[in-house]
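See structure below.
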Amino acid sequence: MNMRHSLRNFGLAVLGLSLLATAPASAALKGSGDVVKASLRQKTLTAAPGQRITFQVAVDIAPRWHLYAHGDTNFIGLDLIPDESFPLEEYDAVYPAGHEGEFFGEKVKMIDGSQVINGEAVVPETLARGVHKVKLGLTVQACDDKTCLAPASLPVELELTVK
């Protein structure tokens, strides 16, 4: 290998490192789970068979990012989905309404900042006494004003004690 070739390779390596150093922080993001967090406001509940329970899922969206409101027909919207092992009945969720926005010329409903999803369900009469894991997944796709990240399903788990 000659000296000229070595200097050229060294120069390309330095250029590559400098481009990495100046790349925007969003380049390191892999998916929507990097900028959206979901947590239960109450992690444990106690209820009797036949009783309706309510719970809240807090959704925190990083600054500069937004999600599309539940039910958006153009993009993946916010959706709280029970796991296959979900032991409850008559599940329902009330989502934040969102505000009017525009994304690449499309009128959309979007949410940002901190939001809350209100969930409710009925404890079946047949559910055994004891502690049960109630698992849900929050489907999200975060976007900024230029791009959207890969969708993510964020796990949410509630501990239900049936008395």
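The values are calculated or read from the model by the stated rules, or taken from the named source; none is laboratory data. The structure presented is a predicted model; accordingly, all values stated were derived computationally and were not measured. Neighbour counts are summed over all protein chains in view; Cβ atoms, including those assigned to glycine, are modelled from backbone coordinates with ideal geometry.
Return yes or no: is Lys135 buried (at least 17 other Cβ atoms within 10 Å of the Cβ), among the charged types (D, E, K, R) and assigned to a strand (DSSP E or B)? Don't jump to the end; show me each part of the working.
Working: buried (at least 17 other Cβ atoms within 10 Å of the Cβ): no; among the charged types (D, E, K, R): yes; assigned to a strand (DSSP E or B): yes.
It is false that Lys135 is buried (at least 17 other Cβ atoms within 10 Å of the Cβ), among the charged types (D, E, K, R) and assigned to a strand (DSSP E or B).
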Being of a type in the set (A, V, I, L, M, F, W, C), at positive phi and either at pLDDT below 85 or surrounded by 13 or more Cβ atoms within 10 Å (Cβ to Cβ) (or both) is the requirement here; does Phe86 meet it?
no
Checking the structure you have, find out if any residue of segment 144-158 is charged (D, E, K, R), part of a strand (DSSP E or B) and over 19 Å from Val36 (Cα atoms).
no
Do we find that Val59 is surrounded by 15 or more Cβ atoms within 10 Å (Cβ to Cβ) and among the β-branched types (Val, Ile, Thr) in this structure?
yes
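Can you pull out the residues in segment 91-147 that are among the acidic types (Asp, Glu) and under 18 Å from Ala69 (Cα atoms)? Lay out the reasoning, then the answer.
From segment 91-147, those among the acidic types (Asp, Glu) are 92, 100, 102, 106, 112, 120, 125, 144-145; that's our starting set.
Answer for segment 91-147, where residues must be among the acidic types (Asp, Glu) and under 18 Å from Ala69 (Cα atoms): Asp92, Glu100, Glu102, Glu106, Asp112, Asp144, Asp145.
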Within segment 94-129, take every residue that is over 19 Å from the mean Cα position of the chain (by Cα), small (Gly, Ala, Ser) and not in a loop (DSSP other than H, G, I, E, B) and give me the one that is surrounded by the fewest Cβ atoms within 10 Å (Cβ to Cβ).
Gly101
Only residues that are surrounded by fewer than 19 Cβ atoms within 10 Å (Cβ to Cβ) and touching a residue at least 40 places away in the same chain (Cβ under 8 Å): list them for segment 64-78, please.
Arg64, Phe75, Ile76
Selection over segment 113-127 where residues are over 17 Å from Gln56 (Cα atoms) and touching a strand residue (DSSP E or B) at 6+ places or on another chain (Cβ under 7 Å) yields a count of 2
What number goes with the only condition from (1) at pLDDT 95 or above; (2) loosely packed, with under 15 Cβ neighbours inside 10 Å; (3) over 16 Å from Pro82 (Cβ atoms); (4) not charged (D, E, K, R) that Ala152 does not pass?
(2)
